[in-house]
Every structure is written in C-alpha cells, then in structure tokens.
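To start, the structure itself, in structure tokens.
Each reported figure results from applying straightforward, stated rules to the coordinates on display, with no laboratory input. Please read all numbers here as calculations on a predicted model, not as lab measurements. In this analysis, Cβ positions are derived from the backbone assuming ideal geometry, glycine residues included, and neighbour counts consider all displayed protein chains.
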Amino acid sequence: MPYHLDLEQSQSFKQWADLKRSFYEQRGRADFINVVELDAHGNFSSSAHAEIKTQVECFNFALYRLDDPEADTLTILKNMGAQLGLKELDKNLCASEDRVTQLTVKDHGRANTYIPYTNKPIGWHTDGYYNPMHQRVLAFILHCEQPAAQGGVNQLLDPDMVYIHLREQNPEFIRALSRPEVMCIPENIEDGIEIRPQTCSAVFIEEQDHALAMRFSKRKHNIIWSNDTLTQEALSCLLEFLDSDTPYHIEYRLQAGEGVINNNVLHTRSAFTDSAESKRIFYRARYYNRINMQ
Ligand SMILES: O=C(O)CCC(=O)C(=O)O
Ligand SMILES: [Fe+2]
C-alpha cells in the first residue's frame with residue numbers, strides 16, 4: 001500500500017503535500033480567528049464536533065471559545081478530552097495530582113526554574129520532547145483562563161507542513177531526522193537523584209495509521225544533536241523554516257475561555273506582563289494518544 005510518509009513513494013507524497021496546501025489555501029490565515037464556539041461546560045454540539053474534527057484532520061489543531069465558563073477549568077478540560085477521544089493524561093514533573101498543569105508565573109520552589117512558569121518567551125517546541133518513548137505526548141489542550149495584561153501570544157505550526165518543506169528541500173533531511181538517536185536529552189538529576197533518564201529519539205516519528213508526530217525543541221541547552229553534516233544541514237533548514245513567515249504560521253492571542261485543541265503541533269509563546277487585575281492563568285493537559293473523534 002503506497003503511503004505519503006514512505007520516502008520511496010514520491011507520488012503519494014506529492015498528492016498529500018498538494019492536499020495539505022489546499023486546506024490552507026481554502027481557509028486562509030485570517031480565518032483562523034473564527035474559533036469554534038462551545039457551551040460553558042465545553043460540550044460539543046454536533047456542528048462544533050464536526051467543525052473540530054474537520055479542522056484537526058486538515059490542520060492538526062482547532063481553536064475554541066467557551067461561552068461564559070462557570071465550572072472549574074479542570075472539569076471542563078476533562079470533559080473536552082473525553083469528547084476528543086483523549087484518554088491518558090501525561091504525568092508531568094510539576095503537574096498536580098490530576099495531571100493537568102496550571103501555567104502561571106510562580107516565584108518560589110522548583111517551578112521557577114522552568115520557563116513555562118515564568119513570563120519569558122518560549123521558542124518553537126512540541127510538548128514532552130524529553131518524555132520517554134513509551135510516553136510520547138501526541139496531543140494537548142492549552143486553555144486560557146485569564147490572559148496577561150500584555151503579551152503572551154502563541155504561534156502554532158502544523159508539523160506536517162514542516163515535514164513537507166524539508167522533504168521538498170531534500171528527502172535525505174527526513175531520513176536524517178527520522179533516526180531514533182538524532183536528538184538526545186541528558187538525564188535530569190536533582191539533588192543527586194535521577195528524576196528522568198536520558199532519552200534519545202527521532203524528530204519525525206510515524207505513528208499509527210501513518211500519522212506524523214514531531215519531537216523538537218529549539219532550545220540549545222540540554223539537547224545533544226547528532227553532529228554529522230546531513231543532520232546539521234537538516235537542522236539549519238528546519239530552524240530557518242520555523243523562523244520564517246509562511247501561510248502555515250498561525251499566530252493567536254488566547255482570550256479568557258479560549259484554547260487550542262491539537263495533535264501536539266509546534267508552538268511558541270511570546271513574553272508577557274501580568275498586572276494585579278490580569279494575571280495570566282493558562283492550563284495545559286497533555287495526552288499520550290492523538291485526537292480520535294468518531
Ligand atoms: O504558556 C503558553 O502559552 C504555552 C506554554 C507551553 O508551551 C508549555 O508549557 O509547553
Ligand atoms: Fe508547549
């Protein structure tokens with residue numbers, strides 16, 4: 001069976017690349033601000049269900065807005081996760097018991113050494129790029145309970161479009177970045193105790209049903225890349241694409257009650273400033289499976 005991620009199948013790849021581009025041509029960047037409306041509890045109406053399903057199939061993400069949310073955010077996120085076919089939540093080092101992380105500026109404890117808990121910008125990454133392979137983060141929901149007074153804008157980029165760009169530049173870039181040891185994250189040791197073992201992985205990983213997943217971070221600190229010429233060239237090409245502006249780079253500033261449902265797309269966050277009235281409160285729920293809607 002020919003399929004688009006097989007490097008020997010240039011015809012299937014071309015058809016898929018053209019189809020993906022056509023989705024973005026039909027939608028247009030400006031249209032992404034037309035987010036899917038949900039009720040206060042995050043229940044999907046049948047039209048919202050169909051809309052989210054289509055958008056996730058085309059772009060790997062969908063933006064939503066809750067109508068005047070009242071229930072607590074954890075309950076809403078779990079409700080949405082269930083409707084998206086998302087099951088197992090990721091156990092994060094800093095997540096609370098129920099594995100949904102609240103992201104706010106925290107100024108004490110271990111958390112303050114992790115950039116997400118500061119007001120600093122975060123560069124291009126997919127979530128959980130350091131997780132062990134059996135706990136790959138394949139989807140997450142990022143939800144805004146309250147935006148910052150200023151800044152805190154997210155950019156989103158569908159990994160499929162990154163793959164297409166790299167493969168069109170040089171299919172060998174894909175081969176290099178699909179090697180299972182191309183990117184290594186050293187073990188995490190705190191107070192002499194290993195809290196995470198070293199993990200090596202590919203950047204591009206083929207999941208079930210030929211879905212593409214990506215593990216990546218632009219951070220230089222604590223990532224050891226293969227230093228062969230091909231990998232280094234592929235990385236330069238990837239970084240150049242990420243830092244460029246294409247029709248696939250979607251920028252959005254989430255407002256209170258809004259969020260993004262996604263198959264772990266690449267994303268960034270700009271720096272922000274909190275005020276007493278508007279302290280940025282975001283939630284992040286990570287899952288080990290992809291969005292799966294009937
Ligand atoms: O705060 C945000 O907008 C995004 C945070 C993020 O990407 C992360 O914590 O992985
Ligand atoms: Fe993230």
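In order along the stretch 219-224, phi translates into HN-Hα couplings of 3, 8, 5, 6, 10, 10 Hz, rounded to whole numbers, per the Karplus curve 6.51 cos²θ - 1.76 cosθ + 1.60 with θ = phi - 60° and x for Gly and Pro. When peptides 174-182, 70-78, 240-248 are ranked by their average number of other Cβ atoms within 10 Å per residue, the highest-first order is 174-182, 70-78, 240-248. Treating r as the C-beta distance of E206 and A276 and R0 as 51 Å, the FRET efficiency rounds to 0.60. Rg over Rh for the stretch 117-269 works out to 0.97, both radii taken from alpha-carbon positions and Rh defined as the Kirkwood radius.
Hey, what did the chain get for relative contact order, percent, Cα under 8 Å, at least 6 apart? It rounds to 32 percent for the chain. What is the set of long-range amide H partners of D274 at a cut-off below 5 Å, with H atoms built 1.01 Å from backbone N? Amide H to amide H, under 5 Å and 5 or more residues apart or across chains, D274 pairs with A149. Farthest toward the dipole's positive end in the chain, which of A211, S47, L230, given Cβ charges of +1 (Lys, Arg) and -1 (Asp, Glu) about the Cα centre? Towards the positive end, the residue furthest out is L230. What's the percent breakdown of Cα-Cα distances in the chain across 10 Å bins, shortest bin first? Using 10 Å bins, I get a P(r) of 6, 27, 37, 23, 6, 0 for the chain.
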